[in-house]
Amino acid sequence: MNNSEYLPHIAYDSVIFGFSGEKLKILLIEYHNTGWLALPGGFVKKNEPLDEAVIRGLRERTGLDQVYLEQFYTFGSLERVRPEIMQKILEAQDANLPENHWLLDRFISVGYYALIDYEKVEPMPDALSDSINWYDVDSIPDLLFDHNFIVQKALEHLRTHLDQKLLSVNLLPERFTMKELQQVYEAILGENLNRANFQRKMLSLGILQRHEKLFSGGSHKAPYLYSFKK
């Protein structure tokens, strides 16, 4: 990468969440010939806004550009400066860099999280990675740099604002049952919720519109379908 094209010392890292129907997952990349896992991230071109750089990176990794994306934290501790790791990543690409190369400098990273439709994604590795795959949020392996901490902060932000965020995302189909909605909440919060209390709370928020019942042909009671009010 030519440093004349990119802003020095600034990067972004993306926590890309998807819901599989049972589990909350995130996308992680594996760098070439290292076995090292990390969040997908990137650098900002001198002629593009930060948000557009992140959208570009998401599109390259997922094929999607109509996603819910939010900036949630800036990471700038000295402990995240690991030039020797970046050197090894680039050496695995057969790239020999001088000691003063801009990619080996200190970077402050802006954290974003995205909430995307798990079913529509075909993960695509980038030029530095062998693979990009979904991992369960509740069993994330050790990641490079401070990326485990970044995931933790993204989850904290999402959980704090969950009722508002779900109005804007595609973690669920357009119409869903109360049980499916509860499964999303439980996957994100990492805990089981009382069914009656959850339904009472969601209905009291005034954010749901009730539709016809979902008849599946079984003998059990058919549940109502819901959608989020626009």
### Query
Any idea which of (1) out of contact with any Asp or Glu (no Cβ under 8 Å at 6 or more places or on another chain); (2) farther than 22 Å from residue 162 by Cβ; (3) in contact (Cβ under 8 Å) with a residue 24 or more places away in the chain is the one residue 45 doesn't satisfy?
(1)
### Where residue 111 falls short, out of the listed (1) crowded, with 16+ Cβ neighbours inside 10 Å; (2) at pLDDT below 95
(2)
### Query
Within the stretch 90-107, how many residues are at pLDDT 85 or above and either exposed (fewer than 13 other Cβ atoms within 10 Å of the Cβ) or acidic (Asp, Glu) (or both)?
2
## Note on the structure
Per the filter on the stretch 102-132, residues more than 19 Å from residue 28 (Cα to Cα) and touching a residue at least 24 places away in the same chain (Cβ under 8 Å) are 102, 103, 105, 106, 107, 108
## Note on the structure
Note on the stretch 32-66: residues of a type in the set (Val, Ile, Thr), modelled with pLDDT of 95 or more and assigned to a loop (DSSP other than H, G, I, E, B) are none
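How about the stretch 184-204: which of its residues are in contact (Cβ under 8 Å) with a residue 24 or more places away in the chain and closer than 16 Å to residue 224 by Cβ? Show your work before the answer.
So the first thing to find is which residues in the stretch 184-204 are in contact (Cβ under 8 Å) with a residue 24 or more places away in the chain, and the list is 184, 187-190, 202.
Passing the criteria: only 202.
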### Summary
Those residues of the stretch 67-84 which are more than 13 Å from the chain's Cα centre (by Cα), modelled with pLDDT of 85 or more, of a type outside the set (S, T, N, Q) and closer than 23 Å to residue 26 by Cα amount to 73, 75, 76
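For the subset of the stretch 191-220 comprising residues that are modelled with pLDDT under 90 and touching a strand residue (DSSP E or B) at 6+ places or on another chain (Cβ under 9 Å), which member is nearest to residue 161 (Cα to Cα)?
If we filter the stretch 191-220 for residues that are modelled with pLDDT under 90, which is where we start, we get 205-207, 212-220.
In the following step, the residues that additionally are touching a strand residue (DSSP E or B) at 6+ places or on another chain (Cβ under 9 Å) were identified as 207, 212-214.
Values: 207: 14, 212: 29, 213: 29, 214: 29 Å.
This residue is 207.
The values are calculated or read from the model by the stated rules, or taken from the named source; none is laboratory data. These numbers were taken from a predicted model, which means no experiment stands behind them. Cβ coordinates were reconstructed from backbone atoms using ideal geometry, including for glycine residues, and neighbour counts include every protein chain displayed.
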